[in-house]
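The values are calculated or read from the model by the stated rules, or taken from the named source; none is laboratory data. Computed from a predicted model, the values in this text were never measured in an experiment. Here Cβ is always computed from backbone atoms with ideal geometry, including for glycine, and neighbour counts include all displayed protein chains. Side chains are part of the model used for accessible areas, which takes the heavy atoms of the whole protein and leaves out ligands, DNA and RNA. Shrake-Rupley method; radii C 1.70, N 1.55, O 1.52, S 1.80 Å.
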Amino acid sequence: MSALGAPRGTGDATGARGNHRPATSGRPRRRDPMTWVQRGGLSSIVFALPLLVIFGVFSWWPIVRSVVMSFQKTNLVGTPKWVGWHNFQYVLTDPDLPTAIRNTLYFALLALVIGFPVPLVTAVLISSVRKRKGLYSALAYLPVVVPPVVAVLLWKFFYDGSADGVFNTILDWVGLGPYTWLSSPSLAMPSLVVEATWAAAGGTVIIYLAALISVPDELYDAAEVDGAGVWRKVWHVAMPQLRGVLLITFILQIIGTVQVFLEPYLFTGGGPANATLTILLMIYNYGFGSSLGGNYGAATALSVMLAAFLAILSLVYFKLTSGWSKS
């Protein structure tokens, strides 16, 4: 019988036998330990082990220890006593807690209104100049180099509430003042925000400048051909390209401002009349504000609650904005 007359099933079976491959079960093959070692698995662990140990000792262990201490009564010297949720109840019933929360949120809001646009505008102005960009970038970053304590003491001298104070002298030239900057409950917090913005804006300016440099020049050229000015090019060309960076710096600024401590501690100590008492300053007062021994359990309990709040806030923020940087 010729091949053309052969039954179809016979030809199919022959072809199947000729191309036969051993069937697999679909399960991943087990890797031989020796093969894993030969491919560098053991050496990778050896190189990563010191980093993991250092990271665990200096990062994760303090976190775990803080969570454990939040359920204990201890002075870090004697034997700790397990008290359960008592520390959390003590913190939540503290009459100063609502004031600290309100002041912290107020500081964060002022920092966003004042401090968030300033680095962006500064970066745009520096990127738009044609000469000496490096000099202007260095001047913008200079406050970051100044030690924080020195910066606070310097601005505390500027905020002298007498008529001979630096800021009051300048305002007197236009017929304003004098103002008791740090002694006024209404002016103390905005004064702290202005100094914090000056001290921290330089780092964000450099980040924005790096992002602006990455924007293709063709986009600016096309916008200029269409007759767009500087600010229209910023709004329609640069801002869409900076969307991802802006989202990251926004949440980082929120986390940083909610944890403000240095300015209230060195400027006013939480005063006047608790007008600048923040959550971190309250944590410090719990742990180190009493000469008779700190309430470390309450301090760690409030720290754990703040960390949990910031973690939840970050997760919700990234969930809600996950598609913004791509759209």
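Tell me the relative contact order for the chain as a rounded percent, counting alpha carbon contacts under 8 Å between residues six or more apart. Write out the running numbers ahead of the final one.
Values: 304 pairs, mean separation 78.3, N = 327.
That works out to 24 percent.
Measuring with a 1.4 Å probe in the full set of protein chains, what accessible area per residue, in whole Å², belongs to the chain?
I get 65 Å² per residue for this part.
For GLN72, which sequence-distant residues (separation of 5 or more, or a different chain) have an amide H within less than 5 Å of its own amide H, given hydrogens modelled in the peptide plane?
Amide H to amide H, under 5 Å and 5 or more residues apart or across chains, GLN72 pairs with VAL83.
Measure off, as a whole percent, the carbon and sulfur share of the 1.4 Å-probe accessible area of the chain, all protein chains present.
In the chain, the share of accessible area belonging to carbon and sulfur is 67 percent.
Under a Cβ-only charge scheme (Lys and Arg +1, Asp and Glu -1), can you give me the dipole magnitude of the chain about the Cα centre, in debye to the nearest 20?
The dipole of the chain has a size of about 1840 debye.
Taking the Cβ of PRO216 as the center, what net charge do the other residues with Cβ under 14 Å away carry, scoring Lys and Arg +1 and Asp and Glu -1? Please report the intermediate quantities before stating the final value.
Details: positive: LYS233; negative: ASP217, GLU218, ASP221, GLU224.
Local net charge: -3.
So if the hydrodynamic radius of the range 173-280 is defined as the Kirkwood radius over C-alpha pairs, what does Stokes-Einstein give as its diffusion coefficient at 37 °C and 0.692 mPa s, in µm² per second?
194 µm²/s
Which of GLY227, GLY287, GLY202 ends up with the largest GNM mean-square fluctuation for the chain, with Cα atoms connected below 10 Å?
Per the Cα network of the chain with a 10 Å cutoff, GLY227 tops the list.
Give me the net charge for the shell around ALA140: Cβ to Cβ below 15 angstrom, other residues only, Lys and Arg +1, Asp and Glu -1.
Here the charged neighbours net out to +2.
Tell me whether the chain comes out rounded, prolate or oblate; compute the Cα gyration tensor, take square roots of the eigenvalues as a ≥ b ≥ c, and use a/c under 1.5 as the rounded threshold.
It is oblate, given that a/c is not under 1.5 and a/b is not larger than b/c.
In sequence order, what are the phi-derived ³J(HN,Hα) couplings for the range 87-103 according to the Karplus relation 6.51 cos²θ - 1.76 cosθ + 1.60 with θ = phi - 60°, rounded to whole Hz, with x for glycine and proline?
Here the 3J(HN,Hα) series is 4, 5, 5, 4, 5, 5, 9, 5, x, 7, 5, x, 5, 5, 5, 4, 5 Hz.
Search the structure for amide H atoms under 5 Å from the amide H of GLY271, placed 1.01 Å from N in the peptide plane, and list their residues when 5 or more places away or on another chain.
Residues meeting the criterion, in which the H sits 1.01 Å from N, are THR276.
Using a 10 Å cut-off on Cβ atoms, rank the peptides 66-76, 257-267 from the highest mean neighbour count down.
Descending mean neighbour count gives 257-267, 66-76.
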